[in-house]
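Student: Sharing a structure, written as structure tokens. Questions coming.
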Amino acid sequence: MKVEINKLPKNQVELTIEVSVFELQPFLINASAKISKEMDIPGFRPGKVPYDLVKDKIGEQVIYEEALEQIIKKTYPQAVLDNKLETVGQPKISVLKLAPGNPLVYKAEVSLLPKIQIGEYKKIKARKKEVKIDQKEIDKAIENLQKMFGKEMLVERPAQQGDKVEIDFDVFVDKVPIDGGGSKQHPLVIGEGHFIPGFEENLIGLAKEQVKEFKLNFPKDYHKKDLSGKLAEFKVKMRAVYKIELPALDDNLAKQVGEFKTFEDMRGKIEESIKKESERKEEQRFELEILDEIIKKSKFEEIPDLLIEAEKEKMIGELEQDIQKQGMKFDDYLQSIKKTRDQLKKEFLEPAEKRIKTALVLRHIAKEEKIKVEEKEIDQEIKKTLEIYKNNLEIKKQVELPEYRYYLANVLTSQKTMEFLKGFAR
């Protein structure tokens, strides 16, 4: 087998692979046998018809075409391995010559894993910060629990601070209704600040069936850029007013919430939970600081478009899952931010490149430092997953696939490498 390598832009290569007539023989014989299984020739069992007879019946070109896929499946990976190429994704194959009695010649265009000139990673100037819990965070969490167990009572009086109300409203800019700016029987609690500043204050004193019109400016940092800073007219109709009776902050509330005997026990558990979450976030920040420092010190070959596009698709998929977990449809989310899927993908270009560089750094260091994951470690992780999802047959099928083991090996290797790097942070 002859292989010629031609470098292309964007860290891609073109392999011209020539497979000799001699090397083609086993593939042609197998293809002939496969074809003959569908042939009915007197005196021969299906699959046992001699090559020359099959050739005479259907033409040798048909046999070559039948063998082509298997030839490429075998010779392309061998060409990559022999030339020590680290490829990414599937190759683009184009056949140049496929004719009986001649060598097979085809081209394979493929992206390469970008090479990296790693920066100094054993002198990292990064430090993990001490996590301190603000008592206001705990108070806020308890207040939210208190609201969850509050009782709503319909009242026939004007709305007050802290009341839950249902309203119909419309929003106009330059006397034109804004897209998606109206709602019917919209629930909100006055004082929680879910609307723009000044909106909820205008609801105070409004009784059932009363209508009020007022003007407010959207904040300059409003998430919808086409509305930021603009003066808007609001028309609101009060539909219902509910007084909220909050339970006392005592042991009874703790028992209502869950497996707590006393209020202090509940407060302690909430503090512990907030601290763990804060520590997790600080750990993530610390890891990103380490990786950012190494990335800045490193030099990367040009990243292939294939890798960037795949990472952007992965990021879109992750966002879509997060939106669905919140009970929203992804199309509705895109409509709310007034962006298409393609526009969002363009915005993901920079973070996608950074994620790829992060993966390249971890992979390079793991290889250089010979950081590996044992099969028994993978088995243990799979066992943990199966214990958690023991009644989920779909997940059981997924974790038993070879692809999942490969994925898990990469994840665990990256985790080990990250722990290795933390040892050098100062």
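Here, each number is a calculation from the coordinates, and none is a lab measurement. Treat the numbers as computed from the prediction; the structure is a model and nothing was measured. Because the Cβ atoms are built from the backbone with ideal geometry, glycine has one as well, and the counts that use them run over all protein chains shown.
Student: How much length is gained on full extension from Asp342 to Glu137, taking 0.36 nm per residue of separation minus their Cα-Cα distance?
Tutor: On the way: separation 205, 0.36 × 205 = 73.80 nm, distance 3.84 nm.
Result for the pair: 70.0 nm of gain on full extension.
Student: Full-extension gain between Arg355 and Asn83, please, as 0.36 nm times their residue separation minus the C-alpha to C-alpha distance.
Tutor: Values: separation 272, 0.36 × 272 = 97.92 nm, distance 2.78 nm.
Full extension of this stretch gives 95.1 nm more.
Student: In 10 Å bins starting at zero, report the fraction of Cα pairs in the range 2-112 per bin as a rounded %.
Tutor: That works out to 14, 40, 25, 15, 6, 1, in percent per bin.
Student: So for Met153, Met418, Met1, fewest C-beta neighbours within 10 Å to most, what's the order?
Tutor: Details: Met153 10, Met418 18, Met1 14.
In order of increasing Cβ crowding within 10 Å: Met153, Met1, Met418.
Student: Next question, about the same structure. Would you list the P(r) distribution for the range 259-422, with all Cα-Cα distances sorted into 10 Å bins from 0 and each bin expressed as a whole %?
Tutor: 8, 22, 33, 28, 8, 1, 0
Student: Eight or more residues apart or on different chains, and alpha-carbon atoms under 14 Å: count the Lys pairs in the range 151-245 matching that.
Tutor: Step by step, the pairs that qualify in the range 151-245 add up to 16.
Student: Find the centroid of the Cα atoms in the range 117-185 and in the range 217-262, then give the distance between the two in whole Å.
Tutor: Going from one Cα centre to the other spans 7 Å.
Student: Mind jotting down the distance between the C-alpha centroids of the range 275-315 and the range 353-380, whole Å?
Tutor: 13
Student: Let me ask something additional. Let's test this: bin the Cα-Cα distances of the chain at 10 Å from zero up to the farthest pair and state each bin's percent.
Tutor: All Cα pairs, binned at 10 Å, distribute as 4, 12, 16, 20, 18, 13, 8, 7, 4, 0 percent.
Student: Separate question: In degrees from 0 to 90, rounded to the nearest 10, what is the angle of the helix 21-36 Cα long axis to the longest principal axis of the chain?
Tutor: Roughly 70 degrees, rounded to the nearest 10.
Student: Report the residues of the range 62-95 in range of a label on Lys115: point 7 Å along Cα→C-beta, backbone N strictly under 15 Å from it.
Tutor: 83-87
Student: Just to check I understand the Karplus step: with θ = phi - 60° and J = 6.51 cos²θ - 1.76 cosθ + 1.60, what whole-Hz values come out for the range 167-177, glycine and proline as x?
Tutor: 9, 9, 8, 9, 10, 10, 10, 6, 6, 10, x
Student: Here's another thing I want to ask about it. Enumerate the amide H contacts of Arg239 below 5 Å, restricted to partners 5 or more residues apart or on another chain; note that Pro and chain-start residues carry no placed amide H.
Tutor: Hits under the 5 Å cutoff: Glu166, Ile167, Asp168, Glu209.
Student: Let me ask another. Quick one: if you stick a label point 7 Å off each Cα along the C-beta vector at Ile382 and Met1, how many nm between them?
Tutor: 2.9
Student: Something else now. If you take the alpha carbon radius of gyration of the range 385-426 and divide it by 2.2 N^0.38 Å, what ratio comes out, to two decimals?
Tutor: On the way: Rg = 14.6 Å, N = 42, 2.2 N^0.38 = 9.1 Å.
The range 385-426 yields a ratio of 1.61.
Student: Can you tell me the alpha carbon radius of gyration of the range 151-245 divided by the globular rule-of-thumb value 2.2 N^0.38 Å? Walk me through the numbers on the way to the answer.
Tutor: Working: Rg = 13.5 Å, N = 95, 2.2 N^0.38 = 12.4 Å.
Normalised by 2.2 N^0.38 Å, the Cα Rg of the range 151-245 equals 1.09.
Student: Which value at 222 nm does the chain reach when only helices count, each DSSP H run of 4 or more adding -39,500 (n - 2.57), with the total divided by all residues and rounded to the nearest 500 deg cm²/dmol? It would help to have the intermediate numbers written out before the result.
Tutor: Values: 13 runs with 200 residues, N = 426.
After summing the helix terms and dividing by residue count, I get -15500 deg cm²/dmol.
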